[in-house]
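Computed from the coordinates by the stated procedures, all read-outs in this text should not be read as laboratory data. Small disclaimer: the values here were computed from a predicted structure and weren't measured. Using ideal geometry, Cβ is built from the backbone for each residue, glycine included, and neighbour counts are taken over all protein chains shown.
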Amino acid sequence: MESPETLQAKLKKANEALSEKKEALHRARDYLENVLENSRDMVFRADLDDVLVSFSKGGESALGYTREELSGRKMKDLAEHPHDFESLAVQCLEKKETVREEISFQHKTGRIVYCEVILSPLTNTRGKVIGMAGVCRDITAWKKFKEDLIRVDRLAEVGRIASGIVHELNNPVAVIGEISGWVGSVAGDAEGLSEEDREEIKTSIRHIGEQTQRCRNITHQLLSFVRESKLATSSLDAHELLKETINLLTPELKFTDVEIVYNFLEGPVFINSDKQLLEQVFVNFISNAVYAVKEKGEKRGRITLETFLDDSGDSPMVGIAISDTGVGISRKDQKSIYEYFYSTKPPGKGTGLGLPISRNIIKNLGGSLSLESEPGEGTTFTVRLPVS
Amino acid sequence: MSEKSDIRVLLIDDEETLVEYLSKRLLREGYTVKATFSGEEATEVANNDDFDVAIVDLKMPGMDGVETQKRLKKIQPFLQCVVLTGHGTIDTALESGKKEAFKYLLKPIEYDNLVETINEAYEHKVQLQNARFKDEVEDIYRSGLGARGMKKAMSKLRKIYGIS
């Protein structure tokens, strides 16, 4: 028999050990809770029927639901395709092992959130499975980044192929041009040819010439896009550049009933840009405007060139708006106009390259491009470029 | 102004059909034309015959346009070279042969533009040649040679400059 004193001492010791263990347990729990609450990952626990038991703060922000809203709901119902999650859960519970899968969930607002889900079975002390614990990582941004990379890569590949094809096409096109020129000069003074036939041949030769010119336009535009040249930026006056561009287009404007209105800020407006590229951009926009006005067929169309300063962003920008009173762009076309080879003009009139190339140039020059259009009323393209 | 038949044009391009039709057209206009399909062939031809203007394609298998015009210039220093370049290669072309070429033309060339360039190049060549010839004739006069020596030197000079 032990004396009460020793028993007391033993009890005291046991108590002390217990509170030490309790303390350690608390610390561990606090630590885990801390991790759970601060993790950006969505950590959840569900019972055998997939009903949510707990849900971390990271989950709330990832999917937009509060814990209260989720209590009693099933995890699979949050997935875009419930079946995907269900089959993963079955796999986890039946095999009693940790499984991993990419599953898309639906945010409270409806947008899709791509997640990598790791699901593990939860067992009690006797080894019986009583539920599941899961960790989901939001990989939407990563996925989008990966898709962008693939797209850029594919575009670069298309560019390389196009450049090769275009170079190869240039020569036969040149040969066709030369041969037709030759035929023209032979027919020009061939004997025994009626005047009628001679005219007929001349007209046909002219048509061949126009078509080879059309091929050249496409190849040149494509090559100027593919060409990886450095930007030759300098400080230049936007007003002067716009006026020069209008001069360039005089032949086109002469045969159109269109009035050019300048709505410029007072004095020169300097931007830091590549003159040649920017000129190409404005030629594109203004020829499109002329085309839209012609298409509408009304008397007295108007193209307005406006400049303004925009200080709303991080750095001051010069805005250049090109508006026309033409046919406008339908909602459907507005979505696609920056796609390569997308053109609403009849065959031969448009290459489907002007706008995507222009947008690309503006982007490379550190600017931005926006569009406003009302079908039947007109279109405004607004270019913003950094002030020099 | 000179007659077109006085203008001797050397064409060098590996695109044979193009050269064929281009030379046909130029011949019909009255130019004297020799068609060749490589830099090697062109230099060989230039060793035997004199030319005023050479039209050289920049990109050719074997000897390229830059090398070809360098060699041609060595054989016939007054020969004016017009270089045809593809899109995007004009910068490199300018760097490698800035001094040598009379002009660069972007392919595909426009025929009227080419004809104009050939005429300009010819005028340029004649001017250069005349100026130089005059200088050398003056040198001979100043040299104090006797009448016989002077005659000999002059005929030698005539031969060099292709003046008969």
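Results, tabulated for the structure shown:
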{"read-out": "Lone cysteines, chain A (no partner Cβ under 4.7 Å)", "value": "A:CYS92, A:CYS215"}
{"read-out": "Centre separation in Å (Cα based) which lies between segment B:94-157 and segment A:308-324", "value": "55"}
{"read-out": "Rounded to the nearest 20 debye, dipole of segment A:233-386 from Cβ charges on Lys, Arg, Asp, Glu", "value": "620"}
{"read-out": "Cα lying deepest toward the dipole's positive end in segment A:308-388, options A:GLY319, A:ILE362, A:TYR340, charges on Cβ", "value": "A:TYR340"}
{"read-out": "Loop trypsin sites (Lys or Arg not before Pro), segment A:301-388, which have at most 13 other Cβ atoms in a 10 Å radius of their Cβ (DSSP)", "value": "A:LYS349"}
{"read-out": "Only Lys, Arg (+1) and Asp, Glu (-1) charged, at Cβ; segment A:39-138 dipole about Cα centre in debye", "value": "340"}
{"read-out": "10 Å Cβ neighbours from other chains, averaged over peptide B:17-28", "value": "5"}
{"read-out": "Residue among B:LEU84, B:GLY30, A:ASN247 farthest towards the positive dipole end of the protein assembly as shown, charges placed on Cβ", "value": "B:LEU84"}
{"read-out": "Helical contribution to [θ] at 222 nm, DSSP H n ≥ 4, -39,500 (n - 2.57), averaged over chain A, rounded to 500", "value": "-17000 deg cm²/dmol"}
{"read-out": "Selection of GluC sites (Glu not before Pro), segment A:2-55, meeting DSSP coil and at most 14 other Cβ within 10 Å", "value": "A:GLU2"}
{"read-out": "Folded to 0 to 90 degrees: helix A:275-296 orientation relative to chain A principal axis, Cα", "value": "80"}
{"read-out": "Alpha-carbon centroid distance for the pair segment A:1-48 / segment B:9-48, whole angstrom", "value": "97"}
{"read-out": "Computed over segment A:50-147, Kirkwood Rh from alpha-carbon pairs, angstrom", "value": "14.0"}
{"read-out": "0 to 90° range, to nearest 10: angle between helix B:111-142 axis and chain B longest Cα axis", "value": "20"}
{"read-out": "Chain A: angle of helix A:238-248 to the longest principal axis, Cα-based, in degrees nearest 10", "value": "40"}
{"read-out": "³J(HN,Hα) computed for each position of segment A:331-337 - Karplus, 6.51 cos²θ - 1.76 cosθ + 1.60, integer Hz, glycine/proline x", "value": "3, 5, 5, 4, 6, 10, 5"}
{"read-out": "Among A:THR203, A:VAL269, A:GLY72 the positive-end extreme of the charge dipole of the protein assembly as shown (Cβ point charges)", "value": "A:GLY72"}
{"read-out": "Cα centre as origin, Lys/Arg/Asp/Glu Cβ charges: chain A dipole, Debye", "value": "1420"}
{"read-out": "Members of B:LYS70/B:LYS107; B:LYS59/B:LYS103; A:LYS57/A:LYS143 lying beyond 19 Å, as alpha-carbon distances in this model show", "value": "B:LYS70/B:LYS107; A:LYS57/A:LYS143"}
{"read-out": "Prolate/oblate/rounded call for chain A, Cα gyration tensor, a/c under 1.5 rounded", "value": "prolate"}
{"read-out": "Spatially proximal lysines relative to A:LYS243 (Cα-Cα < 19 Å; intrachain offsets below 8 disregarded)", "value": "A:LYS254, A:LYS275"}
{"read-out": "Three-way shape call for segment B:4-126 based on the alpha-carbon gyration tensor, with the a/c threshold at 1.5", "value": "rounded"}
